[in-house]
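Visitor: The structure is given below, and queries will be raised subsequently.
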Amino acid sequence: MKNSELTIVLTLRGRHLHTLRWMWHANHIGLPYHVIIADGEVHPTIDRLLSDPATFRNLSFEYHRHCDLSFNDFYKKCAETMRKVQTKYVLMSDNDDFAIVAGIQKSIEYLNNEPEYVCAGGQIPDFSIVPSPVLPGKVIGQMISTRFGYKHQCRDISFPSVSERVMDEIYQYQVIYYHVYRTQALQVISEEIEEHDFSDLTVHEYYCALRTVTLGKVRTDPSVVCYLRQTGTSMITTYWKDWVHHLLHSNLPQDFRAMATTIANEVERVSGNDSKVFKESILDAYASKIRHMLGHTMLRYRFPRLFRLKQKLLWLKKLWIIPVWSRQRYWKKNFWSELSNDCTEPALLAAYQEEFRYIEATLRGDEFLSFAKTNAPDLVMYK
């Protein structure tokens, strides 16, 4: 049965086989939400398949072509796509991840009953795979290392004061980008980000989180799982080695000041706090965070030999002696033990288990590989 309350916005840029996997899996399980696909790097094969509604008959979706050549293009794409959303709620998704229907429905129910909350979600577990050599890009393989990478962040940001919510989110940053949002709120945020045109995706993420808590309270329930992230597949679009070089060659300081100014002005508008004073509080808080980060990032330059030794030790750690099936069993047991401690509803836990079985089946790749070979042979690497 189709759900008319929520739309999933699937933003694309590359990773074409992951796009096919996302769509194939959603079609296979009969994902009950409408999907708006915003493709920033159009591939002719993906274009052909997604332009034909018959390719994924069990899905309600629309496909829009964009060209992401800069961060501004990405922000514009997101703002334009958000304006197309017609439902009350919206969820953002990347093509290498999976949406969990049971958790999404739980979050929708909560928002329907709590008008003061602007978004709701839960734990964001991540997983990795031992990739099959049949396809490139870590698309199919054995699912391992399923764990709760953000469990420590599971708390509500529910202070009645907007200034307290902002400072709480700064000092105890919580990933809420993949929560279920009230559509109107995410439309406002995406349009403002387009106007700011931040030169750094990190500032874009911070702004999204801080602007969210100015618009309302945030629910993060440890018994809820809305979203499952795959690790080791991210496309690096900003700095990753030399943070100082990035600082000197980007507009990062200006971006931080612009973010702080907008958030402070909104806090003043809502609660009367002096915007200039509050702006300085935001910048001071981020200065503390950056100092802490630099202490770790600069290790490679302050102590180069120690850094090289650390890298070698990390490499040795990857040489697992324990077989894959044993690691898989260990991670799975721990994952479900942790989740069952937080989720006391047997029906909800059973729904999660069923959805994860479908995900594991998709990752094993038998049916998906057959689909890819038939419909997108140019994307498949044969061995």
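Taken together, the values in this text are just the output of simple stated rules run on the coordinates, not laboratory data. Computed from a predicted structure; not experimentally measured. Ideal geometry is used to build each Cβ from the backbone, glycine not excepted, and the neighbour counts take in all protein chains shown.
Visitor: Using a Gaussian network for the chain with springs between C-alpha atoms less than 10 Å apart, which of these wobbles most: Arg57, Arg308, Arg257?
Guide: Answer for the Gaussian network model of the chain: Arg308.
Visitor: Report relative contact order for the chain in percent, whole number only (criteria: Cα-Cα under 8 Å, sequence separation at least 6).
Guide: Working: 588 pairs, mean separation 77.2, N = 383.
Taking the mean separation of contacting Cα pairs over the length of the chain, I get 20 percent.
Visitor: Compare the peptides 190-202, 258-270 by average per-residue count of other Cβ atoms within 10 angstrom and give them in order, highest first. Walk me through the numbers on the way to the answer.
Guide: Values: 190-202: 17.8, 258-270: 19.5.
In decreasing order of mean packing, 190-202, 258-270 become 258-270, 190-202.
Visitor: Okay, moving on. Pop a pseudo-label 7 angstrom from the Cα along the beta-carbon direction at both Val244 and Glu195 and give the gap in nm to one decimal.
Guide: That separation, rounded to one decimal, is 3.7 nm.
Visitor: Taking each pair of different alpha-carbon atoms in segment 133-194 once, compute 1/r for the pair, average those values, and report the inverse of that mean as the Kirkwood hydrodynamic radius in Å to one decimal. Intermediate values should be presented prior to the final figure.
Guide: On the way: mean 1/r = 0.0653 Å⁻¹.
Across segment 133-194, the inverse of the average 1/r is 15.3 Å.
Visitor: Which of the aspartates and glutamates could a cross-linker bridge to Lys279, judged by Cα under 16 Å and excluding same-chain residues fewer than eight apart?
Guide: Partners within reach: Glu164, Asp168, Glu169, Asp255, Glu266, Glu268.
Visitor: Please report the antiparallel percentage of the DSSP beta bridges confined to segment 97-379, to the nearest 5. Before the final figure, lay out the partial values.
Guide: Numbers: 11 of 19 bridges.
Antiparallel bridges make up about 60 percent of those DSSP assigns within segment 97-379.
Visitor: Follow-up question, since we're still on this one. Provide the percentage of antiparallel DSSP beta bridges, counting only those with both residues in segment 1-152; round to the nearest 5. Write down the numbers at each step before the final one.
Guide: On the way: 7 of 25 bridges.
About 30 percent, rounded to the nearest 5.
Visitor: Something else about it: Projecting each Cα onto the charge dipole of segment 97-379 (Lys/Arg +1, Asp/Glu -1 at the beta carbon, about the Cα centre), which of Thr220, Ala260, Gly365 comes out farthest on the positive side?
Guide: So the residue we want is Gly365.
Visitor: Pop the C-beta distance of Glu360 and Asp52 into the FRET formula with R0 = 41 Å and round what comes out to the nearest 0.05.
Guide: Numbers: r = 28 Å, r/R0 = 0.69.
After rounding to 0.05, the efficiency reads 0.90.
Visitor: Quick check for me: using +1 on Lys/Arg Cβ and -1 on Asp/Glu Cβ, what's the dipole size of the chain about its Cα centre, in debye to the nearest 20?
Guide: Numbers: 46 positive and 44 negative charges, 378 e Å.
Dipole magnitude for the chain comes out near 1820 debye.
Visitor: Test of understanding: in a Gaussian network model of the chain with alpha carbons linked when under 10 Å, which of Arg13, Arg305, Arg327 would top the mean-square fluctuation ranking?
Guide: Arg305
Visitor: A further question on this structure: Just order 328-341, 58-71, 86-99 by mean Cβ neighbour count inside 10 Å, highest at the front, would you? Walk me through the numbers on the way to the answer.
Guide: Working: 328-341: 14.6, 58-71: 16.1, 86-99: 20.6.
Ranked by mean Cβ neighbours within 10 Å, highest first: 86-99, 58-71, 328-341.
Visitor: Continuing with the same structure: For the chain, count the residues as N, evaluate 2.2 N^0.38 Å, and divide the Cα radius of gyration by that value, please.
Guide: Values: Rg = 21.4 Å, N = 383, 2.2 N^0.38 = 21.1 Å.
In units of the 2.2 N^0.38 Å rule of thumb, it is 1.02.
Visitor: Taking only the alpha carbons of segment 36-145, what extent do you get along each of the three principal axes, in Å, biggest first?
Guide: 47, 35, 32
Visitor: Taking 23 Å as the cut-off for C-alpha to C-alpha distance, list the pairs among Lys84/Lys138; Lys77/Lys373; Lys84/Lys217; Lys84/Lys373; Lys88/Lys217 that go past it. Spell out each step's value before the answer.
Guide: Numbers: Lys84/Lys138 32 Å; Lys77/Lys373 31 Å; Lys84/Lys217 25 Å; Lys84/Lys373 33 Å; Lys88/Lys217 17 Å.
Distance filter (> 23 Å) returns Lys84/Lys138; Lys77/Lys373; Lys84/Lys217; Lys84/Lys373.
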